[in-house]
Amino acid sequence: MPPKLENNESASMDVPKKQHKSLHKDLVWTNVLIFIVLHIAALIGLLLSFTVSWKAWVLGVITSYCSGLGVTAGAHRLWCHRTYKAAFPLRILLMVFNCIACQNDLYEWSRDHRVHHKFSETDADPHNINRGFFFAHMGWLMHKKHPEVREKGRTIDCSDLLQDPVVRFQKRFYIPLVILLSFYLPTMIPVWYWGERVWVAFLTNGILRYVVTLHFTWLVNSAAHCWGNQPYNRFMEARENKHVAWWALGEGFHNYHHTFPYDYSTSEYGWKLNISTVFIDSMAVLGQAYDRKTVDPDVIRKTKLKTGDGTETFQL
């Protein structure tokens with residue numbers, strides 16, 4: 001999901017052609033400028049990354065995985081879909097990881113994702129794939145919200161989220177937490193511990209790492225709704241995509257996930273290409289995760305026969 005920006009989402013393909021001619025008027029130019037600057041800085045960071053210490057690469061990878069888990073195991077599977085329960089220490093850890101990701105606070109992320117699931121592929125879908133790959137990937141962040149997104153979004157109950165003190169804390173202090181955890185510490189650790197220059201550390205471990213993780217997350221909204229097969233439900237655009245499963249820590253089993261959104265693993269294949277499931281199961285061994293929800297294999301089999309396209313997962 002997206003970083004904390006201004007009004008997002010756009011009109012769908014269902015609007016008349018005359019309105020399409022003026023779609024540029026719906027652009028949020030501040031967001032467009034932010035993305036341009038971010039990607040230019042990330043490109044510079046990419047060039048600089050070949051000159052930094054191997055320690056910086058290790059830090060970047062670790063930080064990226066932590067931020068990814070904050071989105072997948074945290075915002076997505078725990079808070080949004082309630083697919084499992086987590087003890088207080090794990091919820092704090094996932095909240096910290098989610099702050100590193102800088103992709104909206106837990107409340108807003110979960111609310112938008114619940115809207116996406118309930119109104120997929122309609123005007124009320126924040127990143128409607130019917131608007132095209134780029135729109136679903138990141139273009140929706142450059143447009144004002146479609147009126148249907150706002151209207152239908154008000155019908156989604158998210159009161160359960162604010163019952164969690166961890167969510168309330170993050171929501172209240174989100175901006176300083178993000179500045180500290182997503183940018184300040186990843187920048188200053190290389191400076192403090194191996195003498196890296198501040199601006200180099202900021203462009204590599206700060207900006208480059210951030211932009212790369214953004215695109216990995218966005219692939220779930222774009223690639224996993226465009227390319228792949230539909231073994232569980234051929235009547236939706238969500239698809240099984242092994243590349244997204246790899247890069248997005250297990251979120252590429254997307255046709256399965258949209259068919260059975262309450263399964264904590266988002267897949268019937270356990271640990272296969274699913275780092276987030278490995279993490280949740282490991283936390284369960286430590287007593288931090290529990291009540292993990294799954295789908296009866298017989299239900300999966302019958303669903304495949306009834307609505308699937310007759311393929312197995314990852315037959316691209």
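A short reminder: the numbers here are calculations on the coordinates, not readings from a lab. None of the values given here were measured: they were computed from a predicted structure. With ideal geometry, Cβ positions are generated from the backbone for all residues, glycine too; neighbour counts draw on all protein chains shown.
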If you work out semi-axes √(5λ) of the Cα gyration tensor in Å from the coordinates, which of (1) 30, 25, 19; (2) 43, 29, 18; (3) 30, 22, 19 do you get?
(1)
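Please identify every one of the chymotrypsin sites (Phe, Trp or Tyr not before Pro) in the stretch 192-237 that sits in a loop by DSSP and has no more than 15 other beta carbons within 10 Å of its own beta carbon.
Hits after loop and neighbour filter: TRP227, PHE235.
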Would you grab the residues whose amide H sits under 5 Å from the one on HIS143? Only those 5+ places off in sequence or on another chain, please, with H modelled 1.01 Å from N.
GLU9, VAL28
Hydrophobic long helices for the chain, i.e. whole DSSP H runs reaching 27 angstrom or more by Cα along the axis with Kyte-Doolittle mean at least 0.5, come out as 29-48
Which of the chymotrypsin sites (Phe, Trp or Tyr not before Pro) across the stretch 252-316 are loop residues per DSSP, with 11 or fewer other Cβ within 10 Å?
none
Please work out the FRET efficiency for the pair VAL212 and ASP298, using the Cβ-Cβ distance as r and a Förster radius of 45 Å; give the result to the nearest 0.05.
0.65
Around ASN229, which amide H atoms from residues at least 5 apart in sequence, or from another chain, sit under 5 Å from its own amide H, with H modelled in the peptide plane?
GLU240, PHE314, GLN315
Once you charge only the Cβ atoms, +1 for Lys and Arg and -1 for Asp and Glu, what is the size of the charge dipole of the chain about its Cα centre, to the nearest 20 debye?
300
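Ranking SER265, SER64 by Cβ neighbours within 10 Å, fewest first, what do you get?
Listed from fewest to most nearby Cβ atoms, that is SER64, SER265.
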